[in-house]
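Engineer: Dumping the structure here so I can ask a few things about it.
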Amino acid sequence: MRKIQMLATAAALLAATGAQAELTESEKQERIEQSRAAVKEFGMTLKGELQKAMKAGGPVQAIEVCHSVAPQIAENISEKTGWEVYRTSLKPRNVRPDAWETGVLEQFDARRADGESPKKMEHAEVVEVDGESRLRYMKAIGTKGLCLNCHGTREQIPDNVEAKLEKLYPEDRAIGYQKGDIRGAFSIIQDI
Ligand code: HEC
């Protein structure tokens, strides 16, 4: 009887402390460094592909890069690292943010409104996902002039681009952004 009670107490303690138990501060810092490297690779690879397609065929051709190549790059990096790596946004074309991501994206917008540059804006935290501890990392993505071709106001988006975007994303909300706005974020979920 006592043994069972002790086991139950131990299990309760583990459940209570589980979220933070398995990652030291230096391990967490190392994971954050690795996350930074992964989003850098994602961003650089995508930027290269986007610029190539823009040069070759303008924004209409480049939509294909964002539509098909971007998720592919995310998948390749996810496979390589063993983590979930993707992009999301408060006004997503593709991946909707979950509750935690929504909170972080809102915090990013608030930090931006306070004058912080999106360049180094990030957030990392150990959180429970489906009862398991995970390290979650997000890095803000700022809007540049080039992005307005497909994320700007209706006047800024060329007609042929608008037509193709409407076909691919009939419920599109990822427009109306201005230079410097936070378009979204890279998001990473790591097992601990
Ligand atoms: C040629 C058109 C085009 C350009 C230019 C473009 N995007 Fe996109 N963007 C898209 C499309 C299409 C998607 C949806 C991709 C998908 O289905 O996964 C997207 C998705 C995104 C997402 C993921 C969130 C979401 O809405 O699903 C982010 C973040 C993003 N773009 C940021 C940018 C930034 C920053 C730039 C400028 C450096 C940029 N985009 C330039 C077309 C474009």
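Engineer: Using only helices, what value at 222 nm comes out for the chain when you add -39,500 (n - 2.57) per DSSP H run of length 4 or more and divide by the total residues, to the nearest 500 deg cm²/dmol? Don't skip to the answer; put the middle values down first.
Structural biologist: On the way: 6 runs with 101 residues, N = 192.
Calculated mean residue ellipticity at 222 nm is -17500 deg cm²/dmol.
Engineer: Within 14 Å, Cβ to Cβ, of K80, how many net charges do the neighbouring residues add up to if Lys/Arg are +1 and Asp/Glu are -1? Display every interim value, and only then the final one.
Structural biologist: On the way: positive: K40; negative: E41, E75, E79, E84.
Neighbour charge sum, excluding K80 itself: -3.
Engineer: What spacing in nm lies between the two simple spin-label points modelled at H67 and K28, each 7 Å away from Cα in the Cβ direction?
Structural biologist: Inter-label distance under the simple model: 4.2 nm.
Engineer: Excluding A113 itself, calculate the net charge of residues whose Cβ lies under 11 Å from the Cβ of A113, where each Lys or Arg counts +1 and each Asp or Glu counts -1.
Structural biologist: Every neighbour counted, the sum reads -3.
Engineer: Same structure, new question: Report the net charge of residues surrounding R31, where surrounding means a beta-carbon distance below 13 angstrom and charges are Lys +1, Arg +1, Asp -1, Glu -1.
Structural biologist: That works out to -4.
Engineer: Using the Karplus curve 6.51 cos²θ - 1.76 cosθ + 1.60 with θ = phi - 60°, work out ³J(HN,Hα) for each residue of segment 57-67 in order, rounded to whole Hz, and write x for Gly and Pro.
Structural biologist: For segment 57-67, the Karplus-derived couplings read x, x, x, 4, 5, 5, 4, 4, 4, 5, 6 Hz, x marking Gly and Pro.
Engineer: Something else: What residues qualify as long-range amide H neighbours of I192, i.e. H under 5 Å apart, gap of 5 or more or another chain, H built at 1.01 Å from N?
Structural biologist: L135
Engineer: As I understand it, the value is the acute angle between the Cα axis of helix 159-168 and the longest principal axis of the Cα atoms of the chain; what does it come to in degrees, rounded to 10?
Structural biologist: Taking the Cα atoms of the chain, the angle to 159-168 is about 40 degrees.
Engineer: Please determine, in degrees from 0 to 90 and to the nearest 10, the orientation of helix 2-21 with respect to the longest principal axis defined by the Cα atoms of the chain, where the helix direction is its Cα long axis.
Structural biologist: 30 degrees
Engineer: Using θ = phi - 60° and the Karplus relation 6.51 cos²θ - 1.76 cosθ + 1.60, list the HN-Hα couplings for segment 100-107 in order, rounded to whole Hz, with x at every Gly or Pro.
Structural biologist: These are the phi-based 3J(HN,Hα) values: 5, 5, 4, x, 5, 5, 5, 5 Hz.
Engineer: Also: Considering the dipole of the chain built from charges on the beta carbon (Lys and Arg +1, Asp and Glu -1) around the Cα centre, which of S187, T153, W83 is farthest to its positive end?
Structural biologist: T153
Engineer: Can I ask one more? Per residue of segment 25-35, what does 6.51 cos²θ - 1.76 cosθ + 1.60 with θ = phi - 60° give for ³J(HN,Hα)? Whole Hz please, x for Gly and Pro, Karplus curve as stated.
Structural biologist: Per-residue couplings from phi come out as 4, 6, 5, 4, 4, 5, 5, 5, 4, 5, 5 Hz.
Every number in this text was worked out from the coordinates using simple rules, so none of it is lab data. Being a predicted model, the structure only gives us computed values, none of them experimental. As a convention, Cβ positions derive from the backbone with ideal geometry for all residues, glycine included, and neighbour counts pool all protein chains shown.
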